[in-house]
Amino acid sequence: MDWRRAMTALALAGGLWTALAGAGAGGAAADPSPTFPTAGREDGVVVAEIERRGVLRCGVSYNPGFAANDKAGRPVGFMVDLCRALAAAVLGKADAVEIRRLSKPQEFAAIAAGDVDVSFAQTSWTLTRDAGYPVDFGPPVFHDEQGIAAWRRPDGRSPLDGGEATICTPSATTSHAALEAYLARGDKPLWTLRLFPTWPDALQAFIGRECDALSIDRAILTTALRGLEGSRDGLLITAAPVPSREPVAPVASNRDRQWLTAIRWTMFALFLAEDAGVTGENAGFLRITGNSEVQRLLDGLPDAARKVGLRPDWAYQAIVQVGNYGEIFERNLGSRSPFGLDRGANRPWTQGGLLFAPVFQ
C-alpha cells in the first residue's frame, strides 16, 4: 500500500472525509487536528504521475469570479486560471486540467490521499494549518481582508452602527475566530454570532434575512452578493471592524519538494511577468528583446526547470496560454469582469502591493 492509500484509509477510519456537496470560501477551512502518518519524501512522483495521466487535477471552492461553471458548463475563474497556468508549465497545455470541487475541510484529506495534485480552494495560510497537516503552502496568490455585509434597518441605519445585531458566519473559520476575539474584548457591539457548517448555508441564511449581517472574506462577499445589489435595497458591504489579513495560497502535499517548487515558481513567474510588463501578447517579442531577467524568465532556465519536472519553456507557455497575474486578475475579478474588484494588495510590490517574486537566475 503506497503512502497515498495509507493516508486515505486512515482518513476514512478517523472520519476526516466530508461529503463532496457544498463549497467553502476564502479562509473558511476548518481547523481540526487530525493525525496523519509520516513517511519519507517521494520527490518527483507527483509530476511523473501528472505526465502519465496527461492532466493536472486541481481542487477549488466554487465562488463567483474565483471558480464557477460558465454557460457551457466549463469551469472558469481566477483560481481555475492559476491551475491552467500550472498545467501549461508542466504539460504544455493549459486545458489539460481536471477541476474538482472541494468542500471544507475536505481539501486536506484530498491532498493527503492524492485525489488532487494541488488545491486552489481559497484557503488562508495559517500556522495551525501549516503545522497540523501534511501539506505545504505555495506563495499567497490573493491577499484579502475580512468583510461584512449588512441589511439596512427600516430607518436607513446600519445594524452595525449600534444596538443588537445577529451576524452569520461559517463555523471553525478564520472569520469566525476573528469575530469571537473581537467580541471577547467586552466593550464591543451587542452582536450575536450565528454559526453555520458551510459558507453556502451562511449565505442563504443572510439572503433570507435570517440575520442582520454576514461576514467572510471581503472579495467573496462582494462577488457572491453582486447580483443582489441592484435588486435588493439596503445592502451594505464594508471591511469588518476586525484587524485581519487573509493570505490565500495554493496547497500541496509536503511529500514531494520538487512539486512544491514547481508550483511556487510558476506562481512567481506570473507575478514577475506582470511586474516586468510581459503579457501573453508580447512574450514572444520580449523573449528575444527583453532585459536579462525577462529573457531568463521566458527562456525558463531549462537546467533548473528539469530538476523539478517543468518543461524547458514552462514560464513562456504559462504566460502565452493563460497570461500574467494582472491579466488573470482583471478578466476574472477586476476591471474586465462583472465584479470590478480593486487590486489593492494584489498588485506588484513595485506598485505598492504584496506580490513579489524572488530573482530568476
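What's the number of the condition residue 116 fails, among (1) out of contact with any strand residue (DSSP E or B) (no Cβ under 8 Å at 6 or more places or on another chain); (2) part of a loop (DSSP other than H, G, I, E, B)? Unmet condition: (1). If I ask for residues that are at positive phi and modelled with pLDDT of 95 or more, which ones from the stretch 74-116 would you list? If the condition is that a residue be at positive phi and modelled with pLDDT of 95 or more, then 77, 92 are the ones that fit. Checking each residue of the stretch 161-175 against the condition of being crowded, with 20+ Cβ neighbours inside 10 Å, of a type in the set (Asp, Glu) and in contact (Cβ under 8 Å) with a residue 12 or more places away in the chain gives no match. If you filter the stretch 77-99 down to residues that are outside any loop (DSSP other than H, G, I, E, B) and charged (D, E, K, R), you find that the one that is farthest from residue 61 (Cα to Cα) is 84. For beta carbons closer than 7 Å, sequence separation of 6+ or different chains, a first residue in the stretch 333-361 that is more than 25 Å from residue 314 (Cα to Cα) and a second that is β-branched (Val, Ile, Thr), the qualifying pairs are 339/222; 339/223; 341/222. Taken over the stretch 230-259, the residue count meeting the criterion of being open to solvent by 10 Å² or more (accessible area, probe 1.4 Å) and in a helix (DSSP H, G or I) is 2. Cβ separations smaller than 7 Å between residues 6+ apart or across chains give the following pairs from the stretch 66-91 residues that are under 21 Å from residue 334 (Cβ atoms) to residues that are open to solvent by less than 10 Å² (accessible area, probe 1.4 Å) and at pLDDT below 95: 66/122; 67/61; 79/122.
Among the residues of the stretch 182-213, what is the count of those that are in a helix (DSSP H, G or I) and either touching a residue at least 12 places away in the same chain (Cβ under 8 Å) or surrounded by 16 or more Cβ atoms within 10 Å (Cβ to Cβ) (or both)? Working first, answer last.
Step one: list which residues in the stretch 182-213 are in a helix (DSSP H, G or I), which gives 182-183, 199-207.
Those left that are additionally either touching a residue at least 12 places away in the same chain (Cβ under 8 Å) or surrounded by 16 or more Cβ atoms within 10 Å (Cβ to Cβ) (or both): 182-183, 199-203, 205-207.
Result for the stretch 182-213: 10.
With the structure loaded, tell me whether residue 333 is touching a Phe, Trp or Tyr at 6+ places or on another chain (Cβ under 6 Å), surrounded by 18 or more Cβ atoms within 10 Å (Cβ to Cβ) and over 18 Å from residue 138 (Cβ atoms) or whether it fails that test. Show your work before the answer.
Working: touching a Phe, Trp or Tyr at 6+ places or on another chain (Cβ under 6 Å): yes; surrounded by 18 or more Cβ atoms within 10 Å (Cβ to Cβ): yes; over 18 Å from residue 138 (Cβ atoms): yes.
So residue 333 fits the description; yes.
The values are calculated or read from the model by the stated rules, or taken from the named source; none is laboratory data. Just so it is clear, the model here is predicted, and its values are computed rather than measured. Cβ atoms come from the backbone with ideal geometry, glycine included; neighbour counts cover every protein chain shown. Side chains are part of the model used for accessible areas, which takes the heavy atoms of the whole protein and leaves out ligands, DNA and RNA. Shrake-Rupley method; radii C 1.70, N 1.55, O 1.52, S 1.80 Å.
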